[in-house]
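Structure record follows, encoded as structure tokens.
The values are calculated or read from the model by the stated rules, or taken from the named source; none is laboratory data. What you see is a predicted model; the values in this text were computed from it and never measured. Using ideal geometry, Cβ is built from the backbone for each residue, glycine included, and neighbour counts are taken over all protein chains shown. With ligands, DNA and RNA removed, areas are computed over all heavy atoms of the protein, side chains included. Shrake-Rupley method; radii C 1.70, N 1.55, O 1.52, S 1.80 Å.
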Amino acid sequence: MEDMIPNLRELHEKLLQAAPLHEDLHTYAALLAPCLPGEPAKDSGSELVVCEENAPVPWVPRDVTLLKLSLIQILIIKTDNLCTKRHIRCQYARLLDLLQQAGIEAIIVKLSNTSDKVLSHISSKCLSFLVLYQLKYQNEVNAHWLQFCLYTLCQDPGSQTFIPCLTSLVYVCKGFLTDEKLQKADRLLMILVPLENVFERHFSTVITFLSNPLCQPLALVEEPSGHLSRLLDFIETLVALRTQLKLNVSLCKQVLSAFLPQTLNIISSPVPYFMKKQVILVLKRCLLCKAGEDFLPSHRILSNQQDAMLDEDMAALAGTLLGAVQEGWLLQVPVSDRSSSFGGVNDGSERGPDLVILGATCLSVLRALEIQVHNGESGQTEVLALDLLMAHLLKFLKHHIEWKEPLHPCEWVSLTFIEQDDDMLEVAKCLLKMYQHNSSLCSQSTSCESENSIWSGSSHQSGSDPHCIFLFLLGNISFDSSVLLDFLISSETCFLEYLVRYLKLLNSDWPRFCLTCCLFDKSRNFPPSSVSFHPQQEQSVKATPIQSDCIRFPNLSLTPMDIGRPASSLVGHTKHSTPPSSSGCVNSSLGALQRLVDYDSSDSESESADSKQGPVIAHSAGADSTDIDKHMKNLELKAHSSISNPSQPSAQAGGNTCHGQGTQQRAVQCLEDLQEAIHRMHGKKLFPYNPSALLRLLSHVSSLSAEYGATHILPE
């Protein structure tokens, strides 16, 4: 062995540099051949080797085997890399052929079966690279690997080969998702078709064992997290294959309609908390068609196009989840007092609910309802379903979030997703789409004639009113238009789709928006109500159906709510306290919100004239103005010209709006600042896409605000 280590080091340096191999390839093949546990090294049985400093260092066969496996993996990567010179790639490929002829696959499979977790993991990873290489260049599945997987999945779930088997399967399937040259249906079929029956039986067995701890094998009882974690990773990878590659293989179809619904039972199983958290997060990503977003290449856009068969499977999953919610599944979802750090230890002094699992649960349920509504017909049943579902969610949140004072039901979105802006926007978009889809809700918005009739509407009582949610969003970011601009140019949020949808609604529902802003302003003038929530007085959590009238929120006119107050006062005991700035305006509450780009710095003196041209103005049609006039008259809204008065000091850009302005003025000013920033960036060709349609919608809002102005209909 003492002659082997220097040679392995030399080979390692050559592989890293993609340099040619000068020795005979058979010599390198013999050098790279790994040894099984208990076997002595071929060159020498000594465990001493001379290092670079010529000092004796102990080397054990295990370390040498790990080094060889790593070198084989590097060899495969360099052979597949197009940056490697062609003649060197051919030389590396011949060396791999010699290793395969020596039966290296069988040796690596045996190394995967060892009880040494590090050796087993590295062996599984190396084996996966070799399988992908053979599929890509030889168009065949490694027989040793496939037999190993089939044999393992037929064994008891407590077998030690279960984790390395699923680890290898996950790596191989991820290879198909990340390498376009491998994305051929026939190659995937060679792997997935033989696994269909055995994996289905194995998955059902594991879920049964986890649900009944008395029947669990000893190995599964001692370490359920490793088995279940790998299983969930493989399930998410199969869903990614289905959604990204439109793969309609039976195994990928069953994962949505059969496998994922069974994972809902894990929530009530005696498994660690962070494993239940992983179940919820996988469920959320699959319902959002974002499975695999953590490992897909950054340049690849997640596919949102769905086929009819995929819609059916998604509808089956959504129906199962909603049925479980009706039976009290939400009350079984555990929420830790603080973040679990996925099994790690959090020694911080902060206390509060785990907002990640709270948000993922709510988003999963809302997305399931959206799928069901999309596949159904519009009608009163959808409004009842939304009301009942929101009652379940609000009771679930009320049990885990300590609400110090009576809050508006729609404020749950800001309270739950204060740290997760991407999920917050997904929830806002989901609720907005269902609001627009329900004709009865839209008819309520155009027929209300008073404050009480609006506030007693279904959308407000269920916490899903789009105007309230949008105003709370603006309040959480201190009406800072630069944050909205960051959202618009970011690929991590769906803010563009949400904003376009909301602006279209706003242009047709302006009177209701005005009255909502007035209600927000009026709520500041009332003392705290005597009605309050006390989560500690809740009854014990039971898996029983929840009644639709389980929550009663006070009327907004009795609610002490200030849309301009710091978001830390909204969250109560949570750790997200943001002190007011010296200028009197609050900082953003969506984490440490800072500008991604200093947009003002892009201005130059030579371009100042262009920036003064102002945004494009698109006036509303006469018919639209007539409709809005009629709605304003029905709602007794009176135009007020103070917002367009030139003598009134204008708000500064970037969210520094004076607190003396009303909610409507601040919201409109924020949208106008956003319009101006987009127009300026687009004029300098700095905006990442064509914002013409968005600018037209924003200018329409400015036109409505200038024409109808602020409203003061409520008594002071």
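Filter segment 31-63 for residues that are in a helix (DSSP H, G or I) and either at pLDDT below 55 or under 23 Å from residue 93 (Cα atoms) (or both) and give the result. Break it down stepwise before answering.
Filtering segment 31-63 for residues in a helix (DSSP H, G or I) gives 31-32, 61-63.
Within segment 31-63, 31, 32 meet the criteria.
Could you please find all residues in segment 268-282 being open to solvent by less than 10 Å² (accessible area, probe 1.4 Å) and at pLDDT 90 or above? Within segment 268-282, 277, 279, 280, 282 meet the criteria. Does residue 84 count as in a loop (DSSP other than H, G, I, E, B), farther than 22 Å from residue 187 by Cβ and more than 35 Å from the chain's Cα centre (by Cα)? Yes, satisfied. The listed residues are 126, 165, 173, and the only one of them that is in a helix (DSSP H, G or I), touching a Cys at 6+ places or on another chain (Cβ under 7 Å) and open to solvent by less than 20 Å² (accessible area, probe 1.4 Å) turns out to be 165.
Can you tell me which residue in segment 90-112 is farthest from residue 27 (Cα to Cα), limited to those that are free of Cβ contacts under 8 Å to residues at least 60 places away in the same chain and open to solvent by 50 Å² or more (accessible area, probe 1.4 Å)? Ranking the candidates gives 90 first. Would you mind stating whether residue 243 is hydroxyl-bearing (Ser, Thr, Tyr), within 22 Å of residue 313 (Cβ to Cβ) and either in contact with a Ser or Thr (Cβ under 7 Å, 6 or more places away or on another chain) or at pLDDT 85 or above (or both)? When the stated conditions are applied, residue 243 passes them. Only residues that are surrounded by 19 or more Cβ atoms within 10 Å (Cβ to Cβ) and in a loop (DSSP other than H, G, I, E, B) were counted across segment 142-158, and they come to 2. Those residues that are assigned to a loop (DSSP other than H, G, I, E, B), modelled with pLDDT of 90 or more and surrounded by fewer than 14 Cβ atoms within 10 Å (Cβ to Cβ), I need them from segment 690-716; list them, please. Residue satisfying the conditions is 690 alone. The residues in segment 235-252 that are surrounded by fewer than 20 Cβ atoms within 10 Å (Cβ to Cβ) and part of a helix (DSSP H, G or I) can be counted, and the count is 2.
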